Amino acid sequence: MIQRQDGPIGIFDSGVGGLSVLKEVRELLPSESITYFADSGNCPYGSKTQDEILFLARRQIAFLLSQNCKLIVIACNTLTAVAIDCFRSEYPIPFIGMEPALKPAALKTRTKKIGVLATENTFNGKLFRQTYEKHAFGLEVFIQPGYGLVELVEKGEQDSETARQLLEKYLAPMVEKGADTLVLGCTHYPFLKKMLETVTQGRMAIIDSSSAVAAQTKRILTEYDLVSHKGQSPRLTFFTTGEKAIAKNFISLAVDIPFELEQVET
Ligand code: DGL
């Protein structure tokens, strides 16, 4: 009989960005099978309405449930902001979401000035407001929507001149004002890390929440008795509604064991 512990962890993002989270989950939980869904064919979610996002996300979550996922990580700040409460009340398995890393940033900054780069929908959600009220007290916070960045990463152009120019435009003003810590509030942005370091020239510490989410995934698996049985060899399966070649490049940046990749309809 198949035990529910044997099912994979599902990881879902509007595109390839959530692979930055998958990398950390895999490192922390190497015996777990993972099924990743990249909705690259419908990306970006950051500027869509809540109804549009919910419509797409419910369809893709139904798909992950049909793959026997025992828990789903919403590896997307935007989707977490817009819909995590709905998912938790609608589906019978645990959901883990993303939270902008304001708390570690508050502990790290020396100038008491931090920048946050995220999508518009993430900034507009109540989760960001709550996290801000809880952790940003006494800090000056520069909020910057990362218009166009998700689209660049999805095209594989994270190291391009356009990426450099956009990041320069978004970050130079906050660096100028003394911000020394940058929170990446979108799971696509860790793939811009090289360019972020070039643009900020070491003047900002760059922080994201992927390792905290991996730790939370481990905690919840344990709490719900969902840890996979020892001896099971893990399977990594990827589904994308976008181009397979792009997905393959990003998957290879995140994992170093064989995987299966399939394209599905949008
Ligand atoms: N990776 C998503 C996030 O963390 C990107 C959102 C989008 O599709 O615009 O917010």
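Given the chain, report the % of alpha carbon pairs whose separation exceeds 23 Å.
In whole percent, the share of Cα-Cα pairs in the chain beyond 23 Å is 50.
Which entries in the list Lys112/Lys155; Lys48/Lys126; Lys112/Lys169; Lys126/Lys218; Lys193/Lys244 go over 28 Å, if you measure between the two C-alpha atoms of each?
Where the Cα-Cα span goes over 28 Å, the pairs concerned are Lys112/Lys155.
As I understand it, the value is the acute angle between the Cα axis of helix 77-90 and the longest principal axis of the Cα atoms of the chain; what does it come to in degrees, rounded to 10?
The answer is roughly 40 degrees.
Would you mind putting 79-89, 121-131, 255-265, 187-197 in packing order, based on average other-beta-carbon counts within 10 Å, highest first?
Peptide ranking by packing, descending: 187-197, 79-89, 121-131, 255-265.
Beta carbons within 10 angstrom, averaged per residue: use that to sort the peptides 241-247, 206-212, highest first.
My ranking of the peptides, most packed first, is 206-212, 241-247.
What is the distance in Å between the Cα centres of segment 227-266 and segment 1-80?
Spelled out, the Cα-based centre of one part sits 12 Å from the other.
Values in this text are rule-based calculations from the coordinates and carry no lab data. None of these values were measured; they are calculated from a predicted model. Cβ atoms come from the backbone with ideal geometry, glycine included; neighbour counts cover every protein chain shown.
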